Amino acid sequence: MSSRTRLIVMSISAPVIAFAIVGGFLGKVMAGQDAPYQHLKIFDDVVTMISSQYVEEVNIDKVMSGAMHGLADGLDPDSAYLTPQMVKALDAGEAQGDGDVGIELTRQYYLRVIATRDGSPGAKANLQTGDYIRGIDGKPTRDMSVFEGSRLLRGKPGTKVTVTVIRGNAADPHEIALVREKASAPLVTSRTLPNGMGYLRIVSFRNGVAQEVRSHAADLASKGAKALIVDVRRTAEGTYENGIDAARVFVKSGTLAIKAGREKTGTRETIAAKAGDGTIDLPVTLLATTGTAGAAELFVAALDGNKRAEIVGERTLGRAGIQKLVKLPEGRGLWLTYARYLRPDGEQIQGRGIQPDLEVDEPAQEFGEPLPEKDAILEAAIEHLQKRAQ
């Protein structure tokens, strides 16, 4: 998750110059170099060499487009170069359709599954955290951004999208047809467990989740729960703001998160608990995995940072960047990470994730295998709570 590419001769195109300026300054900050443009000459030399000596005549527009994609890809998985068509669609508020397949994506060589929403087409097809999406409707994802891939997966409910999935063996891809649906599953579910425990599952951090968390937790308490197990495994959907709002249900005072711009020169905003927060004071144990990302990570970080919960499971993904559209000449654009959320103590979440107190791996599963009969992480959490209560 880093960056490096620069400028070219004025005759190539204005967008390339804009990207080179961004890349130059990023190179100065990230590599600590006194001459931020020292690689621009090399970039110019490479373009000149390709144009004059490559074995075939070069389509310079295609080469430049690849360079711009590469510049954005080198920043982080969520930043992206946008074509004029993509920028126009964003500006026009072009509807993508309210159907989706419930898959949250990141990027690692190809697009990769972070998590699938409970009950979604992706979950029903048993797509798992870590699966590579090598193609979407036959279009290779090798040079596709998360931004573009996420848009391609959306559409009108009832329409079909086919994904090419690799799990484990790259020589054995699986073609999986998914039918887009409008999300209708509840945001939160809950049930009572033996020995005075309550189980609360957060499916998504879409709007309204904080109220549902509060309602379900209060209901479990009224049924005699003395402790809560809150499950955010494979939860990656929703806004950061909703993740923070859900944390307010359990955190009465203290810092919930820090929103930070560029180090040294950017602004920092501390987001703290306020009057009326922390209405649920039962002890909390969080279940998390590598598929816990984004809003769910802010939720976990807020409770962990205020000593309101223990964490059982795996290290979370480490996704806490905030993006905005930066417009460039010729109608092009950059979907750029301009700020990040930090843990309450100011430590990074992005690229690091959150380490559990009790580490328990989620078992791997091959295509076609039945789901495990036992929930290893949940059972470990219950056993841990029972020992602590003795």
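The values are calculated or read from the model by the stated rules, or taken from the named source; none is laboratory data. Nothing here was measured: the structure is a model prediction, and the numbers come from that model. Reconstructed Cβ throughout: ideal geometry from the backbone, glycine too, with neighbour counts over all protein chains shown. We work out accessible area using only protein heavy atoms, side chains counted, and drop any ligands, DNA or RNA first. Shrake-Rupley method; radii C 1.70, N 1.55, O 1.52, S 1.80 Å.
Laid out as a table, the results:
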{"read-out": "Test: residue in the stretch 194-212 that is modelled with pLDDT of 95 or more, over 26 Å from the mean Cα position of the chain (by Cα) and surrounded by 13 or more Cβ atoms within 10 Å (Cβ to Cβ)", "value": "yes"}
{"read-out": "Qualifying positions in the stretch 129-185 - over 27 Å from GLY70 (Cα atoms), surrounded by fewer than 17 Cβ atoms within 10 Å (Cβ to Cβ) and among the small types (Gly, Ala, Ser)", "value": "GLY158, ALA177, SER184, ALA185"}
{"read-out": "Residue list for the stretch 350-370, restricted to those being in contact (Cβ under 8 Å) with a residue 24 or more places away in the chain, open to solvent by 100 Å² or more (accessible area, probe 1.4 Å) and more than 16 Å from VAL312 (Cα to Cα)", "value": "ARG352"}
{"read-out": "All positions within the stretch 92-106 that are free of Cβ contacts under 8 Å to residues at least 40 places away in the same chain and either among the charged types (D, E, K, R) or open to solvent by less than 20 Å² (accessible area, probe 1.4 Å) (or both)", "value": "GLU94"}
{"read-out": "Single residue of GLY93, GLY149, GLY158 found to be in a loop (DSSP other than H, G, I, E, B), under 30 Å from LYS327 (Cα atoms) and of a type outside the set (Ser, Thr, Tyr)", "value": "GLY93"}
{"read-out": "All positions within the stretch 310-333 that are among the hydrophobic types (A, V, I, L, M, F, W, C) and surrounded by fewer than 24 Cβ atoms within 10 Å (Cβ to Cβ)", "value": "ILE322, LEU325, VAL326, LEU328"}
{"read-out": "Sole residue being modelled with pLDDT of 95 or more and under 18 Å from the mean Cα position of the chain (by Cα), chosen from GLY224, GLY254, GLY238", "value": "GLY238"}
{"read-out": "Residue tally, condition among the small types (Gly, Ala, Ser), at pLDDT 95 or above and assigned to a loop (DSSP other than H, G, I, E, B), over the stretch 258-306", "value": "7"}
{"read-out": "Tally, over the stretch 334-349, of residues that are within 22 Å of ARG308 (Cα to Cα) and open to solvent by 20 Å² or more (accessible area, probe 1.4 Å)", "value": "6"}
